1. Pull out all pairs, ordered by first then second residue, where Cβ-Cβ is under 7 Å, the residues are six or more apart or on different chains, the first lies in the stretch 81-106 and is under 16 Å from GLY182 (Cα atoms) and charged (D, E, K, R), and the second is in a loop (DSSP other than H, G, I, E, B) and near the ligand (Cβ under 9 Å from one of its atoms).
2. Can ARG256 be described as over 31 Å from the mean Cα position of the chain (by Cα) and within 15 Å of the ligand (Cβ to nearest atom)?
3. How do the pairs read when you match residues in the stretch 712-723 that are within 17 Å of VAL673 (Cβ to Cβ) with residues anywhere that are aliphatic (A, V, I, L, M) and in a strand (DSSP E or B), using Cβ under 7 Å and keeping only pairs 6 or more apart or on different chains?
4. Considering only the stretch 629-683, how many residues are buried (at least 21 other Cβ atoms within 10 Å of the Cβ), among the hydrophobic types (A, V, I, L, M, F, W, C) and either at pLDDT below 85 or in contact with a strand residue (DSSP E or B) (Cβ under 6 Å, 6 or more places away or on another chain) (or both)?
5. Got at least one residue in the stretch 347-359 being more than 30 Å from ALA161 (Cα to Cα), more than 15 Å from the ligand (Cβ to nearest atom) and in a helix (DSSP H, G or I)?
6. Look through the stretch 104-145, keep the residues that are outside any loop (DSSP other than H, G, I, E, B) and small (Gly, Ala, Ser), and return whichever of them is nearest to GLU223 (Cα to Cα).
7. Just a yes or no: is a residue in the stretch 305-317 within 29 Å of THR427 (Cα to Cα) and surrounded by fewer than 18 Cβ atoms within 10 Å (Cβ to Cβ)?
8. Helices (runs of 4 or more DSSP H) wholly in the stretch 1-96 with at least 3 residues that are of a type outside the set (A, V, I, L, M, F, W, C) and at pLDDT 75 or above - which ones?
Amino acid sequence: MTEQDPNAMSEAEARAEFHQLDAQIAKADLDYHQKDAPTLSDAEYDRLKRRYLALAEAFPDLASEGARVETVGAPVASGFGKVTHAVRMMSLGNAFEDQDVEDFVAGLRRYLGFPPDAPLALTAEPKIDGLSLSLRYENGTLVQAATRGDGSVGENVTANARTIADIPQEIAGAPEVLEVRGEVYMSHADFEALNARHAETGGKIFANPRNAAAGSLRQLDAEITRARPLRFFAYSWGELTAPLAETQFEAIERFRSFGFQTNPLTWRCETIAELLAHYHSIEEQRADLGYDIDGVVYKVDDLSLQERLGFRSTTPRWAIAHKFPAELAWTRLDGIDIQVGRTGALSPVARLQPVTVGGVVVSNATLHNEDYIRGLDSKGAQIREGKDIRIGDWVQIYRAGDVIPKVADVDLKRRPEGASPYVFPTTCPRCNSAAVREEGDAVRRCSGGLICPAQAVEKLKHFVSRAAFDIEGLGAKQVEQFHADDWVKEPADIFELKEKYGSGMQQLKNREGWGDKSATALFAAIDDKRRIALARLIFGLGIRHVGEVAAKDVALHFRTWTALAEAADLARPAALAHRAADEAELLERQRAQAEDRRAKISEARKAAIATCEVAAEAQAAWDDLVSIDGLGPTVALSLSDAFANPEERAAFDRLVRHLKIIAPDAPAADSPVAGKTVVFTGTLEKMTRAEAKARAEALGAKVSGSVSKKTDILIAGPGAGSKATKAADLGIQTLDEDQWLELIGQA
Ligand code: IVH
């Protein structure tokens with residue numbers, strides 16, 4: 001449907017569309033601000049908002065009927081500009097129990113090679129429940145403020161940030177470039193007053209201070225932000241041209257000297273006991289602080305150690321958030337829906353009577369799988385004292401931070417009479433294929449593969465998602481639409497859209513939500529992704545267990561699609577042998593309990609024996625696949641299955657014909673170990689295994705877990721065993737730790 005000119009519409013028509021848009025935008029706002037899980041692309045959101053405002057302008061009476069009146073008249077046309085962060089804005093790993101904190105500190109010591117008695121100070125400070133903001137100062141002047149966004153690209157909210165009193169416009173004595181990072185939040189008192197004011201004037205009522213802060217900062221009209229009482233705590237930094245200090249604690253003190261607010265409960269702790277004591281003390285003060293916090297953040301104090309520890313893909317190794325226990329609420333379970341995921345997993349979702357949990361309205365909760373509904377965990381042990389969950393039950397919901405709500409408990413006294421145990425479907429609710437549960441898998445999966453529309457759509461959504469092909473203008477919603485209309489059944493179809501329907505561009509333009517510009521832009525965005533990095537392609541295929549990190553490792557290892565496909569083919573017999581052996585072992589273990597499985601066992605055994613004697617070539621290819629750093633047999637098998645499945649393989653082949661696949665960046669050429677495959681074995685004395693691996697990778701080496709013909713260097717410390725022997729047999733260069741450090745220039 002093309003957009004009708006508002007001036008040519010009747011008021012009734014306009015009202016109908018206006019209310020529909022109002023609901024759509026409200027949902028998108030909720031997903032974005034409350035759930036932090038946007039369901040619309042920015043472009044799509046802006047389009048809805050523009051249309052909404054155009055209708056409100058043409059029919060002024062409508063404006064007062066919309067809940068989003070407050071932004072009517074604001075210049076929404078372009079939304080916020082995008083800002084690419086000079087240094088990624090990270091998130092934090094979570095700890096929930098004291099034990100998690102102990103494990104975290106033990107992990108730090110292990111990584112750093114610190115014995116238990118070596119001093120290791122950490123700071124502890126409240127985790128503010130607001131939204132993070134990065135402030136860029138150049139020569140002491142605030143030049144840019146950006147929200148976190150997806151961590152790499154945020155929104156430019158400079159004009160808005162300038163209206164916040166806690167944010168200095170000028171600072172003295174700072175490095176030439178300094179990015180100060182911290183949290184924008186609203187105090188309880190200001191939040192109550194704002195809502196009271198809005199209740200009187202008919203303005204928007206916010207569910208909690210965090211939403212109020214986010215909604216206020218992300219105003220397109222900075223004057224609205226100015227009228228909102230926002231505050232800011234500085235706690236971290238991005239780009240820097242000169243070091244701020246030697247420790248985290250002193251860096252925060254410098255922020256204070258620049259005129260920032262820093263949290264007075266930031267402490268420096270020497271021991272785990274001190275960390276935990278401070279955590280409990282903050283927890284006790286929580287209700288009186290006057291603003292929301294949801295935990296305590298611990299950070300390694302010594303900045304040179306922070307540097308050594310570095311980052312995982314999205315979180316620093318040197319910090320963790322110790323969350324407060326979840327908030328709880330009781331409500332009624334109205335029903336259970338089954339969603340079918342990308343890999344066919346049937347996921348039960350609780351439909352709840354809406355209830356406020358920790359300031360957020362919750363109407364869905366995850367029920368994980370059939371065992372969880374029955375009151376059992378993945379190991380068969382009881383959860384909720386074994387109470388099962390039935391439709392109509394009163395259930396206790398909990399939410400821990402941003403985690404999806406879960407069912408903590410069931411009130412058996414309020415169970416409706418006649419409620420019967422939930423029967424989990426054994427066929428796929430979408431395609432009716434059998435839904436099977438394999439040995440050792442907690443999840444029941446639709447066996448329909450690509451014929452299942454739910455799986456196909458979820459795979460497509462994954463394919464176009466940000467970390468995969470990231471096609472601008474082709475989000476979840478558009479994919480659903482194209483799939484429903486049979487235009488796109490599999491990824492390859494995306495690249496044939498223009499060919500098939502482009503000449504009939506009119507066809508696309510005639511569809512709801514598409515205009516001349518957006519259709520042209522979509523085809524351009526698709527063309528743009530015909531050149532794609534191998535890692536993104538592998539990730540985008542949506543193979544079970546193959547996440548972003550594994551996809552990168554596989555891409556680095558094979559470098560080309562052809563090499564990967566050939567290796568998968570070559571390794572297939574050995575992969576099957578591995579599975580058969582695994583199955584035989586599993587069945588063997590169960591033999592005592594299950595007499596009737598005898599026949600199955602002997603079958604599996606025969607299969608194992610038949611396939612175990614695989615060609616040495618296949619075995620070597622399989623060993624190579626499994627040895628890709630951190631991959632292991634589960635991921636390797638899943639990869640092998642995907643390539644061996646005829647329908648999937650055909651879909652891959654159809655897809656890659658449209659692509660120019662780019663090999664991963666060649667490792668730094670000036671490094672003596674770039675592109676080399678190295679294996680560490682035995683005890684390292686100068687550093688830990690994790691650190692050695694991280695350093696080798698930083699120099700462009702591949703670190704593998706096992707020695708094979710492909711190994712270039714074995715670094716053997718004292719106590720090296722069979723790997724050293726094997727390396728010697730294969731004539732592989734073997735170095736001790738010092739020789740290795742010398743080679744990489746870090747002696
Ligand atoms: S440090 C590289 N400190 O929590 C480390 N984060 O879950 C950067 N947050 O995105 C984060 N209070 O928005 C840090 N005292 C604090 C914090 C804090 C709140 C937020 C921040 C971050 C999120 C991660």
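1. Cβ pairs passing all conditions: ARG88/GLY151.
2. Numbers: over 31 Å from the mean Cα position of the chain (by Cα): yes; within 15 Å of the ligand (Cβ to nearest atom): yes.
Yes: the conditions hold for ARG256.
3. The qualifying pairs are ASP712/VAL678; ILE713/VAL678; ILE713/LEU735; LEU714/VAL679; ILE715/VAL678; ILE715/LEU735.
4. Total satisfying the criteria: 4.
5. No.
6. Our first condition is that a residue be outside any loop (DSSP other than H, G, I, E, B); within the stretch 104-145, this holds for 104-112, 122-128, 131-138, 141-145.
Restricting the remaining residues to those that are small (Gly, Ala, Ser) gives 106-107, 124, 132, 134, 145.
Values: ALA106: 49, GLY107: 47, ALA124: 36, SER132: 21, SER134: 20, ALA145: 16 Å.
Only one residue fits best here, namely ALA145.
7. Looking only at the stretch 305-317, we keep the residues that are within 29 Å of THR427 (Cα to Cα), and these are none.
No, the stretch 305-317 has no match at all.
8. Details: elements: 11-29, 42-58, 60-63.
Hits in the stretch 1-96: 11-29.
The values are calculated or read from the model by the stated rules, or taken from the named source; none is laboratory data. Keep in mind that what you see is a predicted model, and the values were worked out from it rather than measured. Note: ideal-geometry Cβ built from the backbone for every residue, glycine included; neighbour counts use all protein chains shown.
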